[in-house]
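Step one of this worksheet: look at the structure below.
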Amino acid sequence: MSETAQPSAQQQAAAPLVVNLQYVKDLSFEVPGAPLVYTTLRQPPRVDINLDVQARRVAEGQNSFEVGIAIRAEAFDPAPAPGTEATRIFLADLVYAGVFTLNGIPEASVEPVLLVECPRLLFPFARDVLATATRDGGFPPVLLQPIDFLALWQSRRAQGQGGMQNGVATA
């Protein structure tokens, strides 16, 4: 009988980055003009995306952190009547999070691991949740393009908005 190569608990604990769990922390989907919007919308809506990444220490003195990707997808009528503002078609808010344990990572590398590598691991799952929610809401699925989390983190640091403060990091 062959044995499968399963890492022992001790080997897993020694891994520099451990994904403990991931989950939908918050999900909201609103269609304020329903049901009329479904009969009047003639082309796919214009979708504006806002994305933020935050990390916080789960408990003081531990190396476990909750990292969350907050995504807001706001869709508008692509062809509003002349002289009128674009009508909001739908609003989707998602916070997809995970709990990660960092082992033996130098202090200078903690922030980039939390705000670049952890979101990179979570992103495909968050993308799928958002696409499913918008599709199930009766619209074409919102398919997010890949995000360069390194560039996002570097941009925030350059603006002075990123960084670790009191166990909380933002990118």
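Need the failing condition index for PRO32 against (1) part of a helix (DSSP H, G or I); (2) loosely packed, with under 14 Cβ neighbours inside 10 Å, just the number.
The single condition PRO32 does not satisfy is (1).
Is it fair to say LEU152 is assigned to a helix (DSSP H, G or I), within 30 Å of PRO44 (Cα to Cα) and modelled with pLDDT under 95?
yes
Based on this model, can you work out whether TYR38 counts as surrounded by 12 or more Cβ atoms within 10 Å (Cβ to Cβ), over 24 Å from LEU122 (Cβ atoms), at pLDDT 90 or above and among the hydroxyl-bearing types (Ser, Thr, Tyr)? Working first, answer last.
Details: surrounded by 12 or more Cβ atoms within 10 Å (Cβ to Cβ): yes; over 24 Å from LEU122 (Cβ atoms): yes; at pLDDT 90 or above: yes; among the hydroxyl-bearing types (Ser, Thr, Tyr): yes.
Yes.
Rundown of residues vs (1) of a type in the set (Lys, Arg); (2) within 19 Å of ASN50 (Cα to Cα); (3) in a helix (DSSP H, G or I), yes/no style:
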residue	(1), (2), (3)
GLU74	no, yes, no
PRO78	no, yes, no
GLY83	no, no, no
LEU114	no, no, yes
ARG120	yes, yes, yes
PRO124	no, yes, yes
LEU130	no, yes, yes
GLY138	no, no, no
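Scan region 85-104 and tell me whether some residue there is in a loop (DSSP other than H, G, I, E, B), out of contact with any Lys or Arg (no Cβ under 7 Å at 6 or more places or on another chain) and within 25 Å of ARG157 (Cα to Cα). Quick ask: steps written out before the conclusion?
Kept after step one, since they are in a loop (DSSP other than H, G, I, E, B), are these residues of region 85-104: 85-87, 103-104.
Now narrow it down to the ones that are out of contact with any Lys or Arg (no Cβ under 7 Å at 6 or more places or on another chain): 85-87, 103-104.
Restricting the remaining residues to those that are within 25 Å of ARG157 (Cα to Cα) gives 103-104.
Within region 85-104, one or more residues are in a loop (DSSP other than H, G, I, E, B), out of contact with any Lys or Arg (no Cβ under 7 Å at 6 or more places or on another chain) and within 25 Å of ARG157 (Cα to Cα).
In region 139-149, what count of residues is obtained for those that are surrounded by fewer than 15 Cβ atoms within 10 Å (Cβ to Cβ) and of a type in the set (A, V, I, L, M)?
1
Among what's in region 57-105 and is more than 23 Å from ASP26 (Cβ to Cβ) and acidic (Asp, Glu), pick the residue that is surrounded by the most Cβ atoms within 10 Å (Cβ to Cβ).
Per the stated criteria, the residue is ASP77.
I'm trying to understand the selection: among the residues of region 66-99, which are more than 18 Å from ALA131 (Cα to Cα), within 15 Å of the chain's Cα centre (by Cα) and touching a residue at least 40 places away in the same chain (Cβ under 8 Å)?
VAL67, GLY98, VAL99
Consider GLN10 against the criteria (1) assigned to a helix (DSSP H, G or I); (2) at pLDDT 90 or above; (3) surrounded by fewer than 11 Cβ atoms within 10 Å (Cβ to Cβ): it satisfies all of them except one. Which criterion is unmet?
Every listed condition holds for GLN10 apart from (2).
Identify all residues within region 106-138 that are more than 29 Å from PRO44 (Cβ to Cβ), surrounded by 15 or more Cβ atoms within 10 Å (Cβ to Cβ) and more than 13 Å from the chain's Cα centre (by Cα); write none if there are none.
VAL110, GLU111, PRO112, VAL113
Please find, within region 41-69, the residue that is modelled with the lowest pLDDT out of those that are assigned to a loop (DSSP other than H, G, I, E, B) and out of contact with any Pro (no Cβ under 8 Å at 6 or more places or on another chain).
Initially, region 41-69 is screened for residues assigned to a loop (DSSP other than H, G, I, E, B), giving 41-45, 58-63.
Cutting the leftovers down to out of contact with any Pro (no Cβ under 8 Å at 6 or more places or on another chain) gives us 41-42, 58-63.
Details: LEU41: 84, ARG42: 82, VAL58: 93, ALA59: 85, GLU60: 84, GLY61: 79, GLN62: 84, ASN63: 90.
Taking the candidates together, the pick is GLY61.
The values are calculated or read from the model by the stated rules, or taken from the named source; none is laboratory data. Here the structure is a predicted model, which means the values were calculated and not measured. Neighbour counts run over all protein chains shown; Cβ positions are idealised from the backbone, glycine included.
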